[in-house]
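Trainee: For reference, the structure I am asking about is given below.
The values are calculated or read from the model by the stated rules, or taken from the named source; none is laboratory data. Just so we're clear, the structure is a prediction, and the values are computed from it rather than from any experiment. Here the Cβ positions follow ideal geometry from the backbone for every residue, glycine too, while neighbour counts run over all protein chains shown. These accessible areas exclude ligands, DNA and RNA; they are computed on the full protein's heavy atoms, side chains included. Shrake-Rupley method; radii C 1.70, N 1.55, O 1.52, S 1.80 Å.
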Amino acid sequence: MHASSVVGHEAYQQPEKFTPLIDLLATIVSILIGISLAISAVLSSRPSVGNSSYTTEEEKKRIEKILKHDDRSLIDGQNLVFWLYYAALIFALLFKWISVQGTGLENAQIYVKVISGVFGAVASLALLWSATLPSLLRSINIQRKDLD
């Protein structure tokens, strides 16, 4: 969170130096949106509990309840990350639209600075949060294999 604040502050202070990164970050965030949607699709398919995972019907119900809770938490987290990515793209579009409208970054008007700062903070937070995706995919994979 602190790193995102620093990036946002720097983008606010000097949006003209941050402008070349807008396209790159927007492209990366777009790719991450696709990955997030794929993870959500995987999470929405309920895993089946194999016969070797339980000995009684009560144990099976307990395992299914835990899985449902875990999957719900993961889906909620992915939903939050998706909207964070989406917000980053919206701010990238706003920044590009305003800077092309002739406002000129050399004057760095306040709204250009604010949008640049918010985009910098949101996009960097989204990128940092994405570092958890490999471990999330691994834990989902392990959980599903253990149920077979």
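Trainee: Take the stretch 1-36 and flag every residue that is under 19 Å from the mean Cα position of the chain (by Cα) and of a type in the set (S, T, N, Q).
Mentor: SER4, SER5, THR27, SER30, SER36
Trainee: OK, next. Confirm whether VAL42 is open to solvent by 40 Å² or more (accessible area, probe 1.4 Å), modelled with pLDDT of 85 or more and assigned to a helix (DSSP H, G or I).
Mentor: So VAL42 does not fit the description; no.
Trainee: Can you find a residue in the stretch 1-14 that is under 29 Å from ILE110 (Cβ atoms) and either touching a Pro at 6+ places or on another chain (Cβ under 8 Å) or at pLDDT below 80 (or both)?
Mentor: For the stretch 1-14, residues under 29 Å from ILE110 (Cβ atoms) and either touching a Pro at 6+ places or on another chain (Cβ under 8 Å) or at pLDDT below 80 (or both): present.
Trainee: I would also like to ask the following. What is the residue count in the stretch 53-85 for residues that are of a type in the set (Ser, Thr, Tyr) and either open to solvent by 100 Å² or more (accessible area, probe 1.4 Å) or free of Cβ contacts under 8 Å to residues at least 24 places away in the same chain (or both)?
Mentor: Residues flagged as of a type in the set (Ser, Thr, Tyr) and either open to solvent by 100 Å² or more (accessible area, probe 1.4 Å) or free of Cβ contacts under 8 Å to residues at least 24 places away in the same chain (or both) within the stretch 53-85 amount to 4.
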